[in-house]
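Inspection log for the structure reproduced underneath, given as structure tokens.
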Amino acid sequence: MSNQAWVTLATNDSYGLGALVLAHSLRRVGSAYPAVVLITPSVTEAMRERLRALFAEVVVVNVLDSQDATHLALLQRPELGITFTKIHCWNLTQYEKGVFLDADTLVVQNCDELFEREELSAAPDVGWPDCFNSGVFVFKPSAETFSNLITFASERGSFDGGDQGLLNSYFSDWAHGDIKKHLPFLYNVTSAAFYSYLPALKHFGQNLKIIHFIGAVKPWLQQFNWASRSVEAPEHLRDFLQLWWDLFVAQVHAQLDTNMDNIEDD
Ligand code: UDP
Ligand code: MN
């Protein structure tokens with residue numbers, strides 16, 4: 001068993017679809033590393049079955065039932081529910097290193113070289129480039145780091161109410177420290193770049209490694225025309241969303257028993 005793994009998270013079946021497509025994208029580019037998905041009890045059994053078929057491990061995390069420290073921190077900071085779930089990746093101590101990928105990312109080209117980086121490596125956020133975007137990051141599982149993150153979160157909260165604010169405060173030397181921990185933007189191209197600097201996207205786009213569909217434009221929420229097999233989306237996003245849907249149609253949909261309409265976004 002490999003001691004390094006990709007890790008993603010799904011707390012419901014919608015994000016579960018994202019995780020499935022993400023895992024297929026890793027297969028498509030021939031990644032040598034296994035993928036692990038963290039889920040919460042709200043993920044349905046039907047979805048778990050799909051995830052188990054594709055992921056090396058499906059790990060159920062129930063923040064309320066885990067450690068006392070987590071429980072207490074959660075009570076103090078109920079708004080950080082999903083954030084606490086994400087930092088559970090530090091508990092995957094059966095691995096020496098992990099690369100976390102949001103379930104709304106898509107790996108376009110092989111990027112196994114990410115495992116050569118150290119904690120905490122991540123790409124700049126387009127909104128505030130002195131912060132890293134927490135949709136893609138290299139980390140080192142450690143019970144101690146997990147517990148420090150929980151303590152930090154319960155004492156200080158998160159300046160943006162989510163995991164990105166928390167992780168940027170905790171790993172605050174990222175902005176000014178070791179430049180090797182700055183991943184090229186190509187490893188986490190967020191959809192905001194699609195319209196904010198289009199010439200750069202056109203110039204560098206062929207080297208794009210990972211797309212990240214941040215914000216409200218989640219691929220699985222787009223209108224899809226089944227007759228033409230094309231996604232209906234704003235032009236600047238269409239090619240990237242089409243990639244996601246091509247993979248979904250070819251690899252995931254064909255094997256789903258459940259109708260898409262039954263999958264609720266909760
Ligand atoms: N997530 C989840 N359920 C939710 C919201 C988020 O499982 O209801 C997970 C999922 O892996 C997602 C990540 O947390 O990709 C971060 O949330 P999101 O991608 O929606 O935030 P954004 O990247 O748009 O800021
Ligand atoms: Mn995301």
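Rule-based calculations on the coordinates, nothing more; no lab input. Since the model is a prediction, treat every value here as computed from it, not as a measurement. Cβ sites come from the backbone with ideal geometry, for glycine too, and all protein chains shown count toward neighbours.
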Number of Lys pairs (Cα under 19 Å; 8 or more positions apart or on different chains) in the stretch 140-260: 5
If the convex hull of the alpha-carbon atoms of the chain is projected onto planes in all directions, what is the mean projected area in square nanometres? 13.8 nm²
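Over the stretch 115-266, consider all pairs of different Cα atoms and compute the Kirkwood hydrodynamic radius from their mean reciprocal separation; express it in Å, one decimal.
Taking the inverse mean of 1/r over all distinct Cα pairs, the stretch 115-266 comes out at 17.7 Å.
Kyte-Doolittle mean at least -1.0 and Cα extent at least 18 Å along the axis: which DSSP H helices of the chain qualify?
Numbers: long enough: 13-28 (22 Å, 0.23); 143-156 (19 Å, -0.04); 235-247 (19 Å, -0.42).
The qualifying helices are 13-28, 143-156, 235-247.
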Calculated [θ] (222 nm, deg cm²/dmol) that DSSP helices of n ≥ 4 give over the chain, each run adding -39,500 (n - 2.57): -9500 deg cm²/dmol
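If you take every DSSP beta bridge fully contained in the stretch 1-160, what fraction is antiparallel? Give it as a percent rounded to 5. Walk me through the numbers on the way to the answer.
Values: 7 of 20 bridges.
Rounded to the nearest five, the antiparallel share is 35 percent.
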Mean-square fluctuation maximum in Gaussian network of the chain, Cα pairs under 10 Å, restricted to 62, 207, 133, hits 207
Residue by residue through the stretch 30-42, which ³J(HN,Hα) values in whole Hz follow from phi under the Karplus form 6.51 cos²θ - 1.76 cosθ + 1.60 (θ = phi - 60°), with glycine and proline marked x? x, 5, 8, 9, x, 10, 10, 10, 8, 10, 10, x, 6
Of 182, 236, 159, which is farthest on the positive side of the dipole of the stretch 154-242, counting Cα position, with +1 on Lys and Arg Cβ, -1 on Asp and Glu Cβ, and the Cα centre as origin? 236
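Divide the volume of the convex hull of the Cα atoms of the stretch 93-202 by its number of residues and quote the answer in cubic angstrom per residue. Intermediate results must be reported in sequence, preceding the final value.
Working: hull volume 13.1 nm³, N = 110.
Given the Cα convex hull of the stretch 93-202, per-residue volume reads 119 Å³.
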